[in-house]
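One structure is given below, encoded as structure tokens.
The values are calculated or read from the model by the stated rules, or taken from the named source; none is laboratory data. Computed from a predicted model, the values in this text were never measured in an experiment. Reconstructed Cβ throughout: ideal geometry from the backbone, glycine too, with neighbour counts over all protein chains shown.
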Amino acid sequence: MSVVEINALMLAVGSATRHALDIHAWWGWVAIVANGAAGVVGLVLWRHWQWRGRWYWWMCATAQAIMLVQVFLGVVVVSDESIVAPRFHMFYGFVAFITVGLVYSYRVQLPGRVEMLYGFTGLFIMGLGLRAWLQVA
């Protein structure tokens, strides 16, 4: 490869990383709102059992998948050596990622209170997203 080809490749990667950073910034708010909504709905369903249904589990899974995509986008962004993210910003993303797995593993230990668990989890993940945003705002 010539120097010109290498520079063109580096410029393309840099452009893709900047685009991923823009998506990461925008998608963060989608993740915050989705997990906050899933959290509030979960706490309402915990008290009003007659409204429970499979639709809520789809809502939780979607909100948590949105957060996992957000973490993946963050990993893509920091893979570019020219971008340095604040350490606590990355820490909050890591904790959100781990939280999804931990809560899933504890769901069977709270029969009758699973909506409460996922409600508080949604609010916790929302809080982690807000704290991560405050690190870069």
Say whether the condition of being aliphatic (A, V, I, L, M), farther than 16 Å from Val136 by Cα and modelled with pLDDT of 80 or more is met by at least one residue in region 7-29.
no
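When region 99-114 is examined, which residues are found to be β-branched (Val, Ile, Thr) and farther than 11 Å from Leu68 by Cβ? Steps first, please.
Step one: of region 99-114, the residues β-branched (Val, Ile, Thr) are 99-100, 103, 108, 114.
Those that are β-branched (Val, Ile, Thr) and farther than 11 Å from Leu68 by Cβ: Val103, Val108, Val114.
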Among the residues of region 56-74, is any more than 29 Å from Leu21 (Cα to Cα) and in a helix (DSSP H, G or I)?
yes
For region 14-65, give me each residue that is closer than 19 Å to Trp133 by Cβ and among the polar types (S, T, N, Q).
Asn35, Gln64
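Residue by residue, here is whether (1) surrounded by 18 or more Cβ atoms within 10 Å (Cβ to Cβ); (2) under 12 Å from the mean Cα position of the chain (by Cα); (3) among the aromatic types (Phe, Trp, Tyr) holds:
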position: Val30; (1), (2), (3): no, yes, no
position: Ala34; (1), (2), (3): yes, yes, no
position: Ala38; (1), (2), (3): yes, no, no
position: Val44; (1), (2), (3): no, no, no
position: Gln50; (1), (2), (3): no, no, no
position: Tyr56; (1), (2), (3): yes, no, yes
position: Ala65; (1), (2), (3): no, yes, no
position: Leu73; (1), (2), (3): yes, yes, no
Counting only residues that are touching a residue at least 40 places away in the same chain (Cβ under 8 Å) and aromatic (Phe, Trp, Tyr), which one in region 72-96 is nearest to Leu123 (Cα to Cα)?
Tyr92
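Quick one: in region 97-116, which of the residues that are in contact (Cβ under 8 Å) with a residue 60 or more places away in the chain and not basic (Lys, Arg) is surrounded by the fewest Cβ atoms within 10 Å (Cβ to Cβ)? Break it down into steps so the answer makes sense when it comes.
At the first step, the residues of region 97-116 found to be in contact (Cβ under 8 Å) with a residue 60 or more places away in the chain are 113, 115-116.
Now drop any that are not not basic (Lys, Arg), which leaves 115-116.
Details: Glu115: 23, Met116: 15.
Step by step, filter region 97-116, then rank; the result is Met116.
Kindly indicate the residue of region 75-100 that is small (Gly, Ala, Ser) and assigned to a helix (DSSP H, G or I) and also nearest to Gly39 (Cα to Cα) among those meeting that condition.
Of the residues in region 75-100, the ones small (Gly, Ala, Ser) are 79, 82, 85, 93, 96.
The next check asks that each one be assigned to a helix (DSSP H, G or I); those that pass are 93, 96.
Values: Gly93: 18, Ala96: 14 Å.
The qualifying residue nearest to Gly39 (Cα to Cα) is Ala96.
Being in a helix (DSSP H, G or I) and free of Cβ contacts under 8 Å to residues at least 40 places away in the same chain is the filter here, so list the residues in region 123-137 that pass it.
Keep residues of region 123-137 that are in a helix (DSSP H, G or I), which gives 123-136.
Matches in region 123-137: Gly127, Leu128, Leu134.
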